[in-house]
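Structure record follows, encoded as C-alpha coordinates.
The values are calculated or read from the model by the stated rules, or taken from the named source; none is laboratory data. Note that the structure is predicted; figures quoted are calculated from it, not measured. Here the Cβ positions follow ideal geometry from the backbone for every residue, glycine too, while neighbour counts run over all protein chains shown. Just so you know, the surface numbers come from the protein's heavy atoms only, side chains and all, with ligands and any DNA or RNA stripped out. Shrake-Rupley method; radii C 1.70, N 1.55, O 1.52, S 1.80 Å.
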Amino acid sequence: FHKRKSSDSGWSKSMDELTERITEKIKLREKRAKKLVIANVSARHLHVCVADLEKLFGKDYKLTKDRDLMQPGEFASKESVTIKGPKGEIKKVRVLGPVRKATQVEISRTDSFMLGISVPIRISGDTKNSAPISVTGPNGLIEIKEGCVIAKRHVHMTPADAEFFQLKDGETIRVKCEGERGLIFDNVVARVRQDMTLEFHVDTDEANAAGIKNGDKVIIL
(Lines give C-alpha, C1' and ligand atoms only; values in the text may rest on other atoms or scores of the structure.)
Protein backbone atom coordinates (compact mmCIF):
# COMPACT_ATOMS: atom_id res chain seq x y z
CA PHE A 1 0.00 0.00 0.00
CA HIS A 2 2.75 2.42 1.00
CA LYS A 3 4.74 1.65 -2.16
CA ARG A 4 1.69 2.24 -4.33
CA LYS A 5 0.92 5.52 -2.57
CA SER A 6 4.49 6.72 -3.13
CA SER A 7 4.28 5.76 -6.80
CA ASP A 8 0.98 7.60 -7.24
CA SER A 9 2.48 10.71 -5.64
CA GLY A 10 5.44 10.66 -8.03
CA TRP A 11 3.13 10.21 -11.02
CA SER A 12 1.00 13.14 -9.88
CA LYS A 13 4.07 15.33 -9.48
CA SER A 14 5.29 14.41 -12.98
CA MET A 15 1.90 15.26 -14.44
CA ASP A 16 1.86 18.61 -12.64
CA GLU A 17 5.32 19.44 -14.05
CA LEU A 18 4.27 18.40 -17.55
CA THR A 19 1.12 20.50 -17.33
CA GLU A 20 3.17 23.48 -16.16
CA ARG A 21 5.62 23.15 -19.08
CA ILE A 22 2.79 22.86 -21.60
CA THR A 23 1.08 25.92 -20.09
CA GLU A 24 4.33 27.92 -20.29
CA LYS A 25 4.76 26.96 -23.96
CA ILE A 26 1.20 27.99 -24.77
CA LYS A 27 1.67 31.35 -23.04
CA LEU A 28 4.96 31.92 -24.87
CA ARG A 29 3.36 31.05 -28.21
CA GLU A 30 0.51 33.47 -27.52
CA LYS A 31 3.03 36.18 -26.58
CA ARG A 32 4.96 35.70 -29.83
CA ALA A 33 1.77 35.68 -31.88
CA LYS A 34 1.02 39.19 -30.62
CA LYS A 35 4.36 40.51 -31.93
CA LEU A 36 3.37 41.34 -35.49
CA VAL A 37 6.05 41.71 -38.15
CA ILE A 38 5.91 44.24 -40.99
CA ALA A 39 5.96 42.65 -44.45
CA ASN A 40 7.38 44.39 -47.49
CA VAL A 41 7.48 43.31 -51.12
CA SER A 42 10.89 43.19 -52.77
CA ALA A 43 10.40 43.95 -56.47
CA ARG A 44 13.13 43.22 -59.04
CA HIS A 45 16.20 45.36 -58.36
CA LEU A 46 19.95 45.79 -58.76
CA HIS A 47 22.68 46.01 -56.13
CA VAL A 48 25.83 47.41 -57.68
CA CYS A 49 29.53 47.74 -56.87
CA VAL A 50 31.45 50.96 -57.49
CA ALA A 51 33.22 49.73 -60.64
CA ASP A 52 29.98 48.57 -62.28
CA LEU A 53 28.13 51.73 -61.19
CA GLU A 54 30.69 53.80 -63.11
CA LYS A 55 30.38 51.56 -66.18
CA LEU A 56 26.61 51.98 -66.14
CA PHE A 57 26.32 55.66 -65.21
CA GLY A 58 29.72 57.30 -65.63
CA LYS A 59 32.96 57.94 -63.78
CA ASP A 60 32.65 58.97 -60.10
CA TYR A 61 28.86 58.62 -60.31
CA LYS A 62 26.89 58.70 -57.05
CA LEU A 63 23.45 57.21 -56.57
CA THR A 64 20.63 59.69 -55.93
CA LYS A 65 18.42 58.71 -53.01
CA ASP A 66 14.71 58.53 -53.79
CA ARG A 67 13.44 57.10 -50.50
CA ASP A 68 14.77 55.22 -47.50
CA LEU A 69 14.03 51.53 -47.10
CA MET A 70 13.20 49.91 -43.79
CA GLN A 71 16.61 48.33 -43.24
CA PRO A 72 19.00 50.93 -41.76
CA GLY A 73 21.16 52.71 -44.34
CA GLU A 74 19.46 51.12 -47.35
CA PHE A 75 17.56 53.18 -49.93
CA ALA A 76 15.84 53.07 -53.30
CA SER A 77 17.64 55.33 -55.74
CA LYS A 78 16.22 57.36 -58.60
CA GLU A 79 18.44 55.44 -61.02
CA SER A 80 17.20 52.47 -63.02
CA VAL A 81 18.63 50.06 -65.58
CA THR A 82 17.51 47.54 -68.20
CA ILE A 83 18.19 43.86 -67.63
CA LYS A 84 18.30 41.43 -70.54
CA GLY A 85 18.30 37.68 -71.12
CA PRO A 86 18.11 35.41 -74.20
CA LYS A 87 14.33 35.80 -74.59
CA GLY A 88 13.64 39.38 -73.55
CA GLU A 89 14.41 42.41 -71.45
CA ILE A 90 12.91 44.31 -68.53
CA LYS A 91 13.28 48.07 -68.34
CA LYS A 92 13.24 50.45 -65.38
CA VAL A 93 14.76 48.05 -62.87
CA ARG A 94 15.48 50.04 -59.74
CA VAL A 95 19.01 50.39 -58.36
CA LEU A 96 19.22 50.09 -54.56
CA GLY A 97 21.86 51.75 -52.44
CA PRO A 98 24.33 51.98 -50.94
CA VAL A 99 26.88 50.41 -53.27
CA ARG A 100 28.01 46.89 -52.41
CA LYS A 101 31.19 44.85 -52.79
CA ALA A 102 29.65 42.80 -55.62
CA THR A 103 26.95 43.45 -58.21
CA GLN A 104 23.78 41.37 -57.89
CA VAL A 105 20.41 41.31 -59.68
CA GLU A 106 17.36 40.03 -57.79
CA ILE A 107 14.29 39.02 -59.77
CA SER A 108 11.19 36.83 -59.39
CA ARG A 109 10.52 33.46 -61.02
CA THR A 110 8.05 35.15 -63.39
CA ASP A 111 10.79 37.60 -64.41
CA SER A 112 13.11 34.68 -65.17
CA PHE A 113 10.55 33.24 -67.62
CA MET A 114 10.30 36.62 -69.37
CA LEU A 115 14.09 36.85 -69.65
CA GLY A 116 14.61 33.21 -70.59
CA ILE A 117 17.16 32.37 -67.92
CA SER A 118 17.39 29.66 -65.26
CA VAL A 119 17.83 31.40 -61.91
CA PRO A 120 18.59 29.75 -58.55
CA ILE A 121 16.88 30.65 -55.29
CA ARG A 122 19.52 32.05 -52.96
CA ILE A 123 20.12 34.17 -49.89
CA SER A 124 21.16 37.65 -51.01
CA GLY A 125 24.92 37.74 -51.49
CA ASP A 126 25.26 34.06 -52.38
CA THR A 127 25.88 34.45 -56.11
CA LYS A 128 28.42 31.71 -56.83
CA ASN A 129 27.30 29.71 -59.88
CA SER A 130 24.14 31.81 -60.17
CA ALA A 131 22.65 33.01 -63.47
CA PRO A 132 24.36 35.33 -65.98
CA ILE A 133 22.57 38.49 -67.09
CA SER A 134 23.16 41.70 -69.05
CA VAL A 135 22.61 45.10 -67.45
CA THR A 136 22.40 48.33 -69.44
CA GLY A 137 22.59 51.84 -68.02
CA PRO A 138 22.69 55.28 -69.68
CA ASN A 139 26.48 55.15 -69.93
CA GLY A 140 27.17 51.55 -70.86
CA LEU A 141 26.61 47.80 -70.59
CA ILE A 142 27.90 45.18 -68.15
CA GLU A 143 27.77 41.42 -68.67
CA ILE A 144 27.41 39.62 -65.35
CA LYS A 145 28.68 36.04 -65.59
CA GLU A 146 27.12 35.07 -62.26
CA GLY A 147 25.02 37.35 -60.10
CA CYS A 148 21.33 36.96 -60.87
CA VAL A 149 19.26 35.25 -58.16
CA ILE A 150 15.75 34.81 -56.86
CA ALA A 151 15.96 35.85 -53.22
CA LYS A 152 14.91 33.35 -50.58
CA ARG A 153 12.06 34.70 -48.51
CA HIS A 154 13.46 35.89 -45.21
CA VAL A 155 12.93 37.84 -42.00
CA HIS A 156 15.43 40.48 -40.93
CA MET A 157 15.84 40.77 -37.15
CA THR A 158 18.16 41.96 -34.41
CA PRO A 159 19.78 39.58 -31.88
CA ALA A 160 17.17 40.77 -29.35
CA ASP A 161 14.37 39.78 -31.75
CA ALA A 162 16.05 36.43 -32.35
CA GLU A 163 16.23 35.82 -28.61
CA PHE A 164 12.52 36.63 -28.26
CA PHE A 165 11.62 34.13 -31.00
CA GLN A 166 14.34 31.67 -29.86
CA LEU A 167 16.02 31.70 -33.27
CA LYS A 168 19.54 31.73 -34.65
CA ASP A 169 20.87 33.33 -37.82
CA GLY A 170 20.24 31.09 -40.82
CA GLU A 171 17.52 28.98 -39.23
CA THR A 172 14.33 28.41 -41.21
CA ILE A 173 10.92 29.26 -39.80
CA ARG A 174 7.28 29.53 -40.82
CA VAL A 175 5.48 32.83 -41.28
CA LYS A 176 1.70 33.20 -41.35
CA CYS A 177 -0.05 35.76 -43.52
CA GLU A 178 -3.74 36.31 -42.78
CA GLY A 179 -6.45 37.79 -44.98
CA GLU A 180 -8.57 36.71 -47.95
CA ARG A 181 -5.64 34.88 -49.58
CA GLY A 182 -3.87 34.07 -46.34
CA LEU A 183 -1.30 31.30 -46.27
CA ILE A 184 1.68 29.99 -44.34
CA PHE A 185 5.16 30.46 -45.82
CA ASP A 186 7.58 27.60 -45.08
CA ASN A 187 11.37 27.78 -45.37
CA VAL A 188 11.67 31.43 -44.35
CA VAL A 189 15.26 32.24 -43.42
CA ALA A 190 16.03 34.20 -40.26
CA ARG A 191 18.67 36.84 -40.97
CA VAL A 192 20.04 38.08 -37.67
CA ARG A 193 22.32 41.09 -37.34
CA GLN A 194 22.65 43.98 -34.92
CA ASP A 195 22.05 46.63 -37.59
CA MET A 196 18.81 45.08 -38.88
CA THR A 197 15.15 45.93 -38.30
CA LEU A 198 12.39 43.35 -37.86
CA GLU A 199 10.93 42.92 -41.36
CA PHE A 200 9.57 40.09 -43.54
CA HIS A 201 10.65 40.15 -47.22
CA VAL A 202 8.94 38.36 -50.10
CA ASP A 203 9.21 38.85 -53.85
CA THR A 204 6.34 39.93 -56.11
CA ASP A 205 5.28 36.38 -57.00
CA GLU A 206 4.97 35.41 -53.34
CA ALA A 207 3.25 38.66 -52.43
CA ASN A 208 0.67 38.27 -55.19
CA ALA A 209 -0.06 34.68 -54.15
CA ALA A 210 -0.82 35.80 -50.59
CA GLY A 211 -2.31 39.21 -51.36
CA ILE A 212 0.47 40.95 -49.42
CA LYS A 213 0.96 44.71 -49.72
CA ASN A 214 3.81 46.79 -48.36
CA GLY A 215 3.25 47.43 -44.68
CA ASP A 216 0.98 44.44 -44.04
CA LYS A 217 1.55 42.48 -40.83
CA VAL A 218 2.48 38.80 -40.51
CA ILE A 219 3.07 36.37 -37.64
CA ILE A 220 6.15 34.25 -36.99
CA LEU A 221 4.95 30.79 -36.01
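See the values below:
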| item | result |
| --- | --- |
| Net charge of Cβ neighbours under 10 Å - reference SER108; Lys, Arg +1; Asp, Glu -1 | -3 |
| Over the chain: helical MRE at 222 nm, DSSP H runs n ≥ 4 each giving -39500 (n - 2.57), nearest 500 | -8500 deg cm²/dmol |
| In Hz, Karplus ³J(HN,Hα) per residue of segment 106-112 (6.51, -1.76, 1.60; θ = phi - 60°; x = Gly, Pro) | 10, 10, 9, 5, 4, 4, 5 |
| Modelled label reach - ILE121, point 7 Å along Cα→Cβ, segment 182-221 residues with backbone N closer than 18 Å | 183-191, 200-212, 221 |
| Two-site FRET efficiency, THR64 against LYS91, from Cβ-Cβ distance with R₀ of 22 Å, rounded to 0.05 | 0.75 |
| Under Karplus coefficients 6.51, -1.76 and 1.60, residue-wise ³J(HN,Hα) of segment 48-57 in Hz, glycine/proline x | 9, 8, 4, 4, 6, 4, 5, 5, 7, 10 |
| Estimated FRET transfer efficiency when R0 is 30 angstrom, pair GLU143-ASN214 (beta carbons, to 0.05) | 0.40 |
| Non-local Lys pairs in segment 42-99, i.e. 8 or more apart or on different chains, that have alpha carbons under 26 Å apart | 21 |
| Segment LEU221-ILE184, length gained on full extension (0.36 nm per residue, minus Cα span) | 12.4 nm |
| For VAL202, distant residues with modelled amide H under 5 Å away | ASN40, SER42 |
| Accessible surface, segment 64-221, averaged per residue in Å² (probe 1.4 Å) | 53 Å² |
| Within-10-Å neighbourhood charge of VAL192 [Cβ basis; K, R +1; D, E -1] | -1 |
| Rounded percent of accessible protein surface that carbon and sulfur make up, segment 33-101, 1.4 Å probe | 50 percent |
| Unit charges on C-beta of K, R, D, E only; dipole of segment 20-169, Debye | 420 debye |
| Considering only the chain, percent of DSSP beta bridges that pair antiparallel, nearest 5 | 70 percent |
| Which label in (i) 39; (ii) 47; (iii) 29 gives the computed percent of Cα pairs over 26 Å apart | (ii) |
